[in-house]
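A.B. asks: Take a look at this one; I'll ask things after.
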Amino acid sequence: MIDFTRREFFKLSTATVGALSIDCSTFGRKKAKGETGTKYSFCDMCYWHCGIKVKVVNGRVVKITGDENDPLSRGKLCARGQAGIQQLYNPDRLKKPLISTGKRGEGKYREASWKEALDYSAEKLLKVSEKWGGPEATAWLCHCSCGGLFGHLAAAWGSPNSGGPAHALCIGGREIASKLTFGRPVGEHMPVDWENARFIVLIGNHIGENSHNTLMQDFIGALDNGAKLAVVDPRFSTAASKADWWLPIKPGTDTALLLAWMNVIISEERYDKEYLDKYAIGFEELKNHVSEYTPEWAAKITEIEAGTIVQIAREMAKYGHHAVIPPNRHVSWYGNDTQRMRALFILNALLGNYGREGGFYFAAKPWVMEYEYPPSKLASAGGGCGGGGGGLGSEVLPDNVRPRVDGKGEKFLYGGLVEPELFKAMATGKPYPVKGLVAAGTNLFHSMPNVPRVKKALKNLDFYLCVDILPQEHVMWADVILPDTTYLERYGDLHAVPHKTTPFISFREPVIKPLYDTKPGWWIARELGKRLGLDEYFPWENYEEYLNTRLDSLGLSVEEIRKKGIVKQPQMSKPYIKDYESKGEVVPFKTPSGKIEIYSKRLKEAGLDPLPKYEKVEEPPDGYFRLLYGRSPVHSFSRTQSNRWLSKIMRENEVWVNAKVAKKLGLRHGEYVALENQDGAKSNKIKVKVTERIRSDCVYMVHGFGHNTPKLKRQHRKGASDIALQTRYKLDPISGSCGLHVNFVKFVKSGGRVS
Amino acid sequence: MSKYAMAVDLEKCVGCGACMVACKAENGVPPEVFRLTVYEIEQGTFPDVKVEFRHDQCRHCEIAPCVLVCPTGASFIDKNGLVRLNATRCIGCKACVVACPYDARFTNPEKGYAEKCSFCDHRLAEDKQPVCVQTCPTGARVFGDLDDPKSDIRVALKDKKIHIPKKEIGTRPKFFYLKKKLTEEA
Amino acid sequence: MEIGIANELGHVWEWPLGLHFVLSALVAGLSIIAGIAHLTDRKGLAKAAVFFAFPILIVDLLSLILDLSKMWSVYWLYLNFNITSAISWGTLSLTLSAVCLFGFIIDYFKIFPIPKRILNLLAWLLIGSSVVVGTYTGAMFASCLQAVPLWCSMLLAPLFFASAVAMGAALLELFKFGENISGWSLSLGAFTACLMLILYITELYSSPKATQDALEYLLSHYGAIWWATVSLGFIIPAILAVIWIVLRQKSPGIIGKSIALLSLFGGISLRFVLLFAGQGHF
């Protein structure tokens, strides 16, 4: 520790040090020779989609930097974004179309031409449709990295069994809750007014560990501005390390805490009365509802002291609409997720912060014309991480289309495809057989719970097609494998980003030509579509033509937009309620009542709780621990473990265990153990991390590891998979969100069992 | 003539690793090694825990042990106070690797010479910040000229406490940790 | 947490450097004896020492080069001199020793006669350069400042030098041809080395926390070898040396042989243990 005004410390000149060493300042770095160029694009290492600048020297990508002009990256970029180079040049990539020559799961393939592979796939898909009663018998799982055109293809063909895991296994509960309460989605980038926030409460929200570029910038910016932070988490997360209060809550009791906070704020009349009168309905019902949920009641359940609960509630209320409880992303925890998120949003409403400074802003979407396709049988499911497919409307299917197999309407009320239920249907053949599957950029063995059932479902299929970049485990089960290009080798659809001040549209173009014999996702979807007789839904010849048609609505073209890679529309921005009221416009809470619906009539009518209630979750049996999981800042789900740079930073995951528990069980820091869950599923060996940073009733690991595939050299048998231990899930009756925090594990040492 | 220095604000660093990868890409560092590493320090017992992210890289010491022990003059201090390396002259005796109190140096597994952080001197020449500073999402990394009162680093140093690991060795490093309040060194 | 790797440095200096340290010690010890023997007119002893020293020196230089990770650039050692670099001093002194020893060899093989005055000058130069060769390996350790707590002692330089003399004398005692090594020099070497080692250990124990940790590491990982080295390689030879001096024997005999054998073991073991334990992780 030094006092910097005492600068003598630095005064020693270098001359006395260098002595006889010779100054070689003329020694310079060799300049990269050859053609150097910079192209604009947006990142696809995760779903945040930061704007990037890509430096190419002699046809080789050498550096990816954040685009200063882009409101998401602001010139900064995370570890994964910069390691995109190593995804492009990953030697393990799929290089040619492959057709299976063995049984499913055997992994025997022969190389094929694109024509043969596509013809064969289309023939098989048509046969499935013919034999099993139509296109509904084929399911389509399409996630971000392959582009949305597969969803478009599924809708055009007429399969309602189409979607991406972003809904049911991630943000679905949150999106539905927000739409029910505010009539607005949370969306891709979480419209929290960080720069004006003065008191922030994070609940299970791992900013820093989930490494969303803008979020990290804004979060730390808010703290730097002096915002106070309380973190509610059974684990001392990175965010908790920045917090003024850490509340190590008992897992599964968050709703109790939220209700108790509401109780304090309401009983002490610290809520924003004027705001609620004007913009919300159902406050009186809430007041009665939460009166029994006292801090003392919650203290027993959450294991957080009643005094602390009251203190945080008062602090929160002190800051009024400058206090905010931002929602997290992955909310599929306990199968009560929509209600928990509703409680969170209602608490925000009590503070009067939606549409006010320091709370949530109205994120305005930029405008660009959609491509006008001929009307298709169904609406495209979407399926990116922006929350597509989560509408509240009761979509009416045409008479000639059978309903989704995942039980929407019976098992749950709203939302997109629930994949685990789809695989259940595939495995059992009920309500009707699904015999075809197209999986594009969706990791079936590392994102779907109950992997044994997924494998059984795959074995039941007549035809299984995979479009992917890497030979992941589930890819090597497919009948046909089509190698996609990475985001650096292809065009992408225009990305319209809602934003507080600068709604904008970003553009992606191929930075280099596709490597190997790979083809861009849009090309594959189009060729497949043509072979399924859907030519009219792919009227454009190539993607440039498609983009030009859309850009034309803005008076732009591909030629022009590529110069900057981005179109900003600041004129669309209207972040706060006052921006609407001053112009005499309706404040856009798009609920049936046009107001914030604290009390939800829609849920009541569906026979569900109109106000969130606390429900007890199942406790781990003796000797077992609740399995929690999360993210690493250097990996995206299960996609990046073989990335040459990222794998070097984090090669394997560890299981976090409380130090006292470890002592009791005789677990040493750094030793390898296996985990076994309540159903007897056993994990790969995993390193023990003995730590004071976690409660004693749960263990934690980073998601995405434990791949068992020698085809991916750098990730083969590194760490353990949390998904392999999640053989069960709890379905949320509102959104179909699949709660995964309901699995319990115990430690197994290689020699014998730890009690 | 400048006196370049770098600082990491421990209150802002979330350990996302962006700096590590940026450095690798910018400087063509072989995949197995890093010029800059980030690691985590955990202190206390549940529930009173503290966690900090610490960074190891070349500190560009004013009294640089690596320069002192270098027999060939491959390691030298330039006019801007940067500890630099003339790779041609390096014979790979590894005296500097052993001598560095901060484990900042390592042998380049491909080229055989002793590598380390250069504060991106090639970028400084183009009037750009070192790449780790440029890319840091949370702005935890600060860089600048200590002799220039208006530089980013001087501004950052003004209202925060400074912590210099292993200060007692007396190498006068030009890399600091910043915090409002200091915790004990682990 | 998971992110938080450091470069896996492991042992930066490997066994070839340990070999270099041992051989340099032998060269230094032998050369200094050769120089003194020449000047005191004990030609037989001088000749024996030179014939041992020269080939060892050649292997020694090779072992130094073997440890370089860019060995084809080794010529830069001769194009630059850094006054604060132990390796610079070492290179210079080893080269000078080589030249002097070569001079003696030319004379012994009568390739062409070298005047006595020049030979005397060479002997003085040899003594001088040997002092540097004997101390520089210790200084090489010590110049790592506090980066390596176990090495952070300038006492290592005189310790290594005393041990070098003992080792040189020991080699001549064990493989004697020509004239006998004087028991005095053998005993004095062993005794001084032991004294220096005791001082060094005392210093370690009174050092700051980092060194204490390092010491703990040394004792937990190399404990048996370390204490064997200290007792067998240094303390017992020193006691034997005292006994020998008290008995006033002319020729060292069995005691001398024991001192020699143990000193050699001590010198070699000390260097390797310090090299590896110093780079251990603590």
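A.B. asks: Answer yes if at least one residue in the range A:123-130 is over 23 Å from A:Thr518 (Cα atoms), surrounded by fewer than 24 Cβ atoms within 10 Å (Cβ to Cβ) and touching a Gly at 6+ places or on another chain (Cβ under 6 Å), and no otherwise. I'd like the intermediate steps shown before the answer.
C.D. replies: Taking the range A:123-130 and keeping what is over 23 Å from A:Thr518 (Cα atoms), we get A:126-130.
With the extra rule that they be surrounded by fewer than 24 Cβ atoms within 10 Å (Cβ to Cβ), the set shrinks to A:126-130.
Restricting the remaining residues to those that are touching a Gly at 6+ places or on another chain (Cβ under 6 Å) gives A:128.
Checked against the condition, which is being over 23 Å from A:Thr518 (Cα atoms), surrounded by fewer than 24 Cβ atoms within 10 Å (Cβ to Cβ) and touching a Gly at 6+ places or on another chain (Cβ under 6 Å), the range A:123-130 yields at least one hit.
A.B. asks: Here is a list: A:Ala197, A:Ala168. Which entry is buried (at least 24 other Cβ atoms within 10 Å of the Cβ), within 15 Å of the chain's Cα centre (by Cα) and more than 14 Å from every other protein chain (Cβ to nearest Cβ)?
C.D. replies: A:Ala168
A.B. asks: Mind checking whether some residue in the range C:65-73 is away from chain B (no Cβ under 13 Å), among the aliphatic types (A, V, I, L, M) and in a helix (DSSP H, G or I)?
C.D. replies: Among the residues of the range C:65-73, not one is away from chain B (no Cβ under 13 Å), among the aliphatic types (A, V, I, L, M) and in a helix (DSSP H, G or I), which makes the answer no.
A.B. asks: So C:Ser24 ticks every box in (1) among the small types (Gly, Ala, Ser); (2) outside any helix (DSSP H, G or I); (3) more than 8 Å from chain B (Cβ to nearest Cβ) but one. Which box is left unticked?
C.D. replies: Answer for C:Ser24: the failing condition is (2).
A.B. asks: Could you grab me the full set of residues in the range A:56-74 that are of a type outside the set (S, T, N, Q) and either surrounded by fewer than 24 Cβ atoms within 10 Å (Cβ to Cβ) or part of a strand (DSSP E or B) (or both)?
C.D. replies: Listed by number, the residues that qualify are A:Val56, A:Val57, A:Gly59, A:Arg60, A:Val61, A:Val62, A:Lys63, A:Ile64, A:Gly66, A:Glu68, A:Pro71, A:Arg74.
A.B. asks: Go through the residues of the range A:486-508 one by one and say whether even a single one is surrounded by fewer than 21 Cβ atoms within 10 Å (Cβ to Cβ), of a type in the set (Ser, Thr, Tyr) and touching a residue at least 24 places away in the same chain (Cβ under 8 Å).
C.D. replies: Yes, the conditions are met somewhere in the range A:486-508.
A.B. asks: Can you give me the number of residues within the range A:556-592 that are assigned to a loop (DSSP other than H, G, I, E, B), among the hydrophobic types (A, V, I, L, M, F, W, C) and touching a helix residue (DSSP H, G or I) at 6+ places or on another chain (Cβ under 8 Å)?
C.D. replies: Qualifying residue count, the range A:556-592: 3.
A.B. asks: Mind checking which residues of the range C:199-219 are out of contact with any Ser or Thr (no Cβ under 6 Å at 6 or more places or on another chain) and among the charged types (D, E, K, R)?
C.D. replies: Within the range C:199-219, C:Lys209, C:Asp213, C:Glu216 meet the criteria.
A.B. asks: Which residues, counting only those in the range A:143-162, are modelled with pLDDT of 85 or more and touching a Phe, Trp or Tyr at 6+ places or on another chain (Cβ under 8 Å)?
C.D. replies: Answer for the range A:143-162, where residues must be modelled with pLDDT of 85 or more and touching a Phe, Trp or Tyr at 6+ places or on another chain (Cβ under 8 Å): A:Leu149, A:Phe150, A:Gly151, A:His152, A:Leu153, A:Ala154, A:Ala156, A:Ser159, A:Asn161, A:Ser162.
A.B. asks: Looking at (1) crowded, with 23+ Cβ neighbours inside 10 Å; (2) facing chain B (nearest Cβ under 10 Å), can you tell me which one A:Gln217 breaks?
C.D. replies: Of everything listed in (1) crowded, with 23+ Cβ neighbours inside 10 Å; (2) facing chain B (nearest Cβ under 10 Å), A:Gln217 misses just condition (1).
A.B. asks: Checking the condition in contact with a helix residue (DSSP H, G or I) (Cβ under 7 Å, 6 or more places away or on another chain), assigned to a helix (DSSP H, G or I), within 19 Å of C:Glu173 (Cα to Cα) and at pLDDT 90 or above, which residue from C:Ile268, C:Ile255, C:Ile245, C:Ile259 passes? Spell out how you get there, then give the answer.
C.D. replies: Working: C:Ile255 fails: at pLDDT 90 or above; C:Ile245 fails: at pLDDT 90 or above; C:Ile259 fails: at pLDDT 90 or above.
Being in contact with a helix residue (DSSP H, G or I) (Cβ under 7 Å, 6 or more places away or on another chain), assigned to a helix (DSSP H, G or I), within 19 Å of C:Glu173 (Cα to Cα) and at pLDDT 90 or above holds for just one of C:Ile268, C:Ile255, C:Ile245, C:Ile259, which is C:Ile268.
A.B. asks: Another question about this same structure. Among residues belonging to the range A:712-724 that are farther than 30 Å from A:Leu608 by Cβ and out of contact with any helix residue (DSSP H, G or I) (no Cβ under 7 Å at 6 or more places or on another chain), point out the one that is nearest to the other protein chains (Cβ to nearest Cβ).
C.D. replies: By that ranking, first place goes to A:Gly719.
A.B. asks: Next up: Return the total of residues in the range B:89-118 being over 26 Å from C:Gly138 (Cβ atoms), more than 7 Å from every other protein chain (Cβ to nearest Cβ) and of a type outside the set (Gly, Ala, Ser).
C.D. replies: Total satisfying the criteria: 7.
A.B. asks: Identify, from the list A:Asp233, A:Asp277, the residue that is within 14 Å of chain B (Cβ to nearest Cβ), out of contact with any Lys or Arg (no Cβ under 9 Å at 6 or more places or on another chain) and charged (D, E, K, R). Break it down into steps so the answer makes sense when it comes.
C.D. replies: Working: A:Asp277 fails: within 14 Å of chain B (Cβ to nearest Cβ).
Sole residue among the options that is within 14 Å of chain B (Cβ to nearest Cβ), out of contact with any Lys or Arg (no Cβ under 9 Å at 6 or more places or on another chain) and charged (D, E, K, R): A:Asp233.
A.B. asks: Sticking with this one: With the checklist (1) buried (at least 23 other Cβ atoms within 10 Å of the Cβ); (2) under 18 Å from C:Leu19 (Cα atoms); (3) at pLDDT 90 or above in hand, flag the one item C:Phe141 doesn't pass.
C.D. replies: Answer for C:Phe141: the failing condition is (3).
A.B. asks: For the range B:26-48, how many residues meet the condition of being free of Cβ contacts under 8 Å to residues at least 40 places away in the same chain and either touching a helix residue (DSSP H, G or I) at 6+ places or on another chain (Cβ under 8 Å) or facing chain C (nearest Cβ under 8 Å) (or both)?
C.D. replies: Residues in the range B:26-48 being free of Cβ contacts under 8 Å to residues at least 40 places away in the same chain and either touching a helix residue (DSSP H, G or I) at 6+ places or on another chain (Cβ under 8 Å) or facing chain C (nearest Cβ under 8 Å) (or both): 8 in total.
A.B. asks: For the range A:542-557, check the following and say yes or no: at least one residue is touching a residue at least 24 places away in the same chain (Cβ under 8 Å), in contact with a Lys or Arg (Cβ under 9 Å, 6 or more places away or on another chain) and farther than 22 Å from A:Glu509 by Cα.
C.D. replies: Within the range A:542-557, not a single residue is touching a residue at least 24 places away in the same chain (Cβ under 8 Å), in contact with a Lys or Arg (Cβ under 9 Å, 6 or more places away or on another chain) and farther than 22 Å from A:Glu509 by Cα.
The values are calculated or read from the model by the stated rules, or taken from the named source; none is laboratory data. Since we're looking at a predicted model, the values are computed, not measured. Counting neighbours? That spans all protein chains shown, and the Cβs are built from the backbone with ideal geometry, glycine included.
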